[in-house]
Amino acid sequence: MLPSRHLRAVARQRSHRRPAAAGDVFSVKPDAEVIRRNKAITAHMRAGRVLDAERLFTEMPRRSTSTYNAMLAGYAANGRLPLARSFFRSIPNPDSFSYNTLLHALAVSSSLADARALFEEMPVKDSVSYNVMISSHANHGLVSLARHYFDLAPEKDAVSWNGMLAAYVRNGRIQEARGLFDSRTEWDSISWNAMMAGYVQWGQMAEAQEMFNRMPQRDVVSWNTMVSAYARRGDMAEARRFFDVAPVRDVFTWTAVVSGYAQNGMLEEARRVFDAMPEKNAVSWNAMTAAYVQQRMMAEAKELFDAMPCRDVASWNTMLTGYAQAGMLEEARAIFDMMPQKDAVSWAAMLAAYSQGGFSEETLQLFKEMGRCGEWVNRSAFACVLSTCADIAALECGMQLHGRLIKAGYGVGCFVGNALLAMYFKCGNMEDARNAFEEMEERDIVSWNTMIAGYARHGFGMEALEVFDKMRTTSTKPDDITLVGVLAACSHSGLVEKGISYFYSMHCNFGVTAKPEHYTCMIDLLGRAGRLDEALNLMKDMPFDPDSTMWGALLGASRIHRNSELGKSAAEKIFELEPENAGMYVLLSNIYASYGKWRDVDKMRVMMHERGVKKVPGFSWIEVQNKVHTFSVGDCVHPEKESIYAFLEDLDIRMKKAGYVSATDMVLHDVEEEEKEHMLKYHSEKLAVAYGILKIPPGRPIRVIKNLRVCEDCHTALKYISAIEGSLIILRDSNRFHHFRDGSCSCGDYW
């Protein structure tokens with residue numbers, strides 16, 4: 001790092017704006033010695049020898065703007081963005097190259113807000129400046145902002161036009177891309193290929209073929225695009241025809257055919273082409289390795305990997321991803337630890353492996369390690385960690401990530417923005433979810449669906465429908481997932497007539513054909529409302545056989561409305577379809593227990609034992625000061641269990657004075673009432689809530705997750721606790737969210 005006194009000195013030089021004099025270290029017209037040293041600084045920086053470059057810079061008696069630019073570009077190229085930013089402010093007379101160098105560095109590091117601020121500050125902007133702004137915003141999915149800078153550019157060169165064209169293509173705005181393409185005629189082969197590739201990417205092969213036929217001049221990229229396009233579509237006959245007639249082939253042409261055969265499960269053909277290749281590069285080896293990985297043939301993949309003469313980071317990433325997708329986390333971690341060089345993809349793949357495998361603690365630890373290593377965090381890594389925070393309701397950690405996202409410039413894009421929405425909803429923070437949604441500069445169908453489904457799961461049906469109505473005023477067309485969210489919102493909020501109306505009009509109004517998921521929502525809606533006969537008739541009239549989820553919805557409705565006969569019929573259907581579904585055995589047992597049918601309860605227990613079905617133990621967890629605490633029923637291992645149990649005993653007395661009565665008919669054992677009350681008192685969610693009240697400052701919500709559906713007694717108890725303690729308690733169970741406040745729940749006891 002440069003001496004601080006030097007930075008202060010050059011900063012003073014710039015602030016005073018003194019003209020260069022004979023004794024100044026700054027030289028307006030560099031002499032041969034300055035030029036020679038400038039070249040040496042550049043060489044040091046390109047070789048990663050930052051300290052040597054800094055030492056040479058400090059020793060120079062005279063410097064030019066090019067000297068400063070060499071240092072600035074070196075800092076940027078070596079990932080020293082903070083140094084580059086502070087050094088830029090020390091340049092006596094920065095020129096366009098200086099500004100553009102820092103602008104590009106900020107854009108590459110995803111500091112888009114800072115890039116925009118610097119752009120506005122620039123005294124002179126050239127085509128390079130505008131092109132950086134166009135490409136950087138396009139890379140983050142901010143196409144409208146990219147177009148804004150494109151329109152601002154007073155002079156547009158080929159890079160500007162191609163950059164804007166690529167922005168539309170990459171983000172699926174193919175009609176706008178075609179409109180831009182047709183607005184001029186001076187396009188080079190790069191542009192033709194980009195337009196053709198855009199049609200290919202979005203599945204419009206007829207248009208891609210038309211572009212190929214119209215091309216004034218085709219190069220090897222053009223042929224490779226068509227070969228790989230047909231291969232990806234599974235049309236290997238057409239892909240092979242293009243390959244055979246191509247006037248020129250390179251290693252990528254051959255590799256496209258290998259990949260095509262591999263992606264279509266034709267491993268023998270892929271291997272034959274691979275073995276026949278006149279030359280192979282790392283991409284070729286990686287393609288064949290990936291073919292084995294895709295078929296979970298990890299032994300063959302490893303054999304090929306070990307034989308590779310030219311491994312690159314992608315080779316290691318392929319094996320890492322393969323082991324991760326096969327659930328072989330130990331082997332994945334071994335590959336990760338052996339990698340001679342890791343990139344953002346490597347870290348993201350390992351994070352995804354842990355996250356998708358449910359290893360939340362390992363995911364967060366690896367993310368911290370990634371930060372300590374100074375690795376740039378890409379969108380996939382952020383999305384994985386946000387997903388983990390969502391899974392364990394680690395809101396504080398998620399909010400910290402949100403801050404980093406904003407600093408990195410990712411917060412407004414769809415990919416990570418959608419993960420952010422899901423995190424806030426799953427953590428029970430609807431206000432911040434709404435704020436994040438409003439701050440998104442661009443939204444896609446996933447953004448709208450996440451909002452609708454999020455409100456639905458929390459029981460805020462009217463808010464979900466308001467978002468749906470707002471969505472209908474935009475260009476985004478509702479899809480089948482949207483309507484599942486809408487129907488779920490109606491179901492969770494008791495909006496029966498609205499739900500029926502949407503269900504029977506969705507094909508006519510939105511072009512959505514009812515799928516099993518939509519019928520399940522309707523069965524749930526009618527069942528919860530006590531309209532069990534209508535639910536049964538709907539199941540009979542469906543164009544397909546009911547699945548276990550539908551029968552499960554009917555079984556749940558039977559429990560709510562205490563219809564043991566219908567519950568038994570529904571359960572028998574479920575046992576036929578999913579004999580190992582422990583939750584359904586327990587649900588039917590609850591129905592029998594509520595009627596005191598203890599022989600039937602015992603029969604369920606015996607049936608579970610005979611079929612080897614084990615009841616899933618209930619767990620609840622809560623985040624306090626960035627640490628997740630897990631509780632089980634009657635937990636006796638938590639270090640603060642004594643204070644928790646003492647508080648619950650006192651709370652139980654106050655609840656009973658307020659009118660609380662234990663729902664002992666839910667206990668699946670024929671024992672005395674007092675013992676039943678004792679069994680219910682220490683359920684995991686009550687322990688977690690009690691700990692939250694003890695540890696979380698008053699006025700802040702208590703957020704708890706449970707892996708199973710909340711029982712009737714705990715649901716009643718939490719309503720009383722919210723009134724007695726004056727706390728907002730947000731419980732996420734396996735089915736939905738419950739917001740307990742002032743003695744009532746957001747579900748309206750409709751869960």
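Throughout, read-outs are computed from the coordinates displayed, never taken from laboratory work. All figures in this text were calculated on a predicted structure; none of them were measured in a lab. As a convention, Cβ positions derive from the backbone with ideal geometry for all residues, glycine included, and neighbour counts pool all protein chains shown.
Close amide H partners of residue 737, meaning residues 5 or more places away or on another chain with modelled amide H under 5 Å apart, are 458, 459. Relative to one another, the C-alpha centroids of the range 565-620 and the range 344-375 are positioned 39 Å apart. The charge dipole of the range 484-603, taken about the Cα centre with unit charges on the Cβ atoms of Lys, Arg (+1) and Asp, Glu (-1), comes to about 380 debye, rounded to the nearest 20.
The relative contact order of the chain, computed from alpha carbon pairs under 8 Å that lie at least 6 residues apart in sequence, is 6 percent. For the range 619-745, the spread of Cα positions along the three principal axes, ordered from largest to smallest, is 42, 31, 30 Å.
Packing, taken as the mean count of other beta carbons within 10 Å per residue, orders the peptides 335-348, 186-199 from highest to lowest as 186-199, 335-348. Distance between Cα centroids, the range 218-291 to the range 710-751: provide it in whole Å. Here the answer is 58 Å between Cα centres.
For the range 531-633, the alpha carbon convex hull comes to 145 Å³ per residue, rounded to a whole number.
Taking every DSSP beta bridge that has both ends in the range 619-745, the antiparallel portion is near 80%. Go through 199, 563, 84 and say which Cα lies farthest out towards the positive end of the charge dipole of the chain; charges sit on Cβ, +1 for Lys and Arg, -1 for Asp and Glu. Of the options given, the answer is 84. Cross-link pairs exceeding 32 Å between alpha carbons, from the set 368/515; 407/470; 614/641: 368/515.
Pairs of Cα atoms nearer than 8 Å and 6+ residues apart set the relative contact order; for the range 619-745 it is 27 percent.
Within the straight-line cut-off of under 24 Å between alpha carbons, the lysines reachable from residue 156 are 125, sequence neighbours fewer than 8 places apart in one chain being disregarded. The modelled label-to-label distance between residue 330 and residue 545, using points 7 Å beyond Cα along the C-beta direction, is 4.1 nm.
Need one word for the chain: rounded, prolate or oblate. Basis is the Cα gyration tensor (sqrt eigenvalues a ≥ b ≥ c); a/c below 1.5 gives rounded, then a/b vs b/c decides. Taking the square roots of the gyration eigenvalues as a ≥ b ≥ c, the chain is prolate.
Computed per residue of the chain from DSSP H runs no shorter than four, each worth -39500 (n - 2.57), the mean residue ellipticity at 222 nm is -21000 deg cm²/dmol.
Rounded to the nearest whole Hz, the Karplus-based 3J(HN,Hα) values (6.51 cos²θ - 1.76 cosθ + 1.60, θ = phi - 60°) of the range 518-527 follow the sequence 5, 5, 4, 4, 5, 4, 5, 4, 5, x, with x at glycine and proline. Less than 5 angstrom separates the built amide H of residue 624 from those of 629, all sequence-distant by 5 or more or on a different chain. When only alpha carbons are used to place a centre, the range 30-46 and the range 481-529 end up 70 Å from one another. Each residue of the range 568-582 is assigned a 3J(HN,Hα), and the resulting list reads 5, 4, 5, 4, 4, 5, 5, 4, 5, 7, 9, x, 9, 7, 5 Hz, derived from the Karplus form 6.51 cos²θ - 1.76 cosθ + 1.60 (θ = phi - 60°), x at Gly and Pro. Taking the C-alpha atoms only, the angle from helix 189-201 to the longest principal axis of the chain is near 10 degrees. Each of 97, 118, 574 was scored by the projection of its Cα onto the charge dipole of the chain, and the greatest displacement toward the positive side belongs to 97; charges sit on the C-beta of Lys, Arg, Asp and Glu. With contacts taken as Cα pairs under 8 Å and at least 6 residues apart, the range 166-259 reaches a relative contact order of 20 percent. Round to the nearest 10 and give me the degree value, 0 to 90, for the angle of helix 32-46's Cα axis relative to the longest principal axis of the chain. Computed tilt is about 30 degrees. The string of couplings for the range 614-625 from the Karplus curve (6.51, -1.76, 1.60, θ = phi - 60°) is 10, 5, 6, x, x, 10, 10, 9, 9, 9, 10, 6 Hz, one whole number per residue in order, with x for Gly and Pro.
Estimated translational diffusion coefficient (Stokes-Einstein, Kirkwood radius over Cα pairs, 4 °C, 1.567 mPa s) of the range 76-125: 119 µm² per second. Take the Cα of residue 653, step 7 Å toward its Cβ, do the same at residue 36, and the gap between the two points is 9.1 nm. The radius of gyration of the Cα set in the range 26-94, together with its Dmax, comes out at 11.0, 31 angstrom. Sorting the segments 635-646, 386-397, 204-215 by their mean number of nearby beta carbons within 10 angstrom, highest to lowest, gives 386-397, 204-215, 635-646. Projected onto its three principal axes, the C-alpha set of the range 76-193 covers 46, 24, 23 Å, listed from the longest axis down. For the range 202-345, a simple Cβ point-charge model (Lys and Arg +1, Asp and Glu -1, everything else neutral) yields a dipole of about 200 debye relative to the Cα centre. Seen against the Cα atoms of the chain and their longest principal axis, helix 360-372 is set at about 20 degrees.
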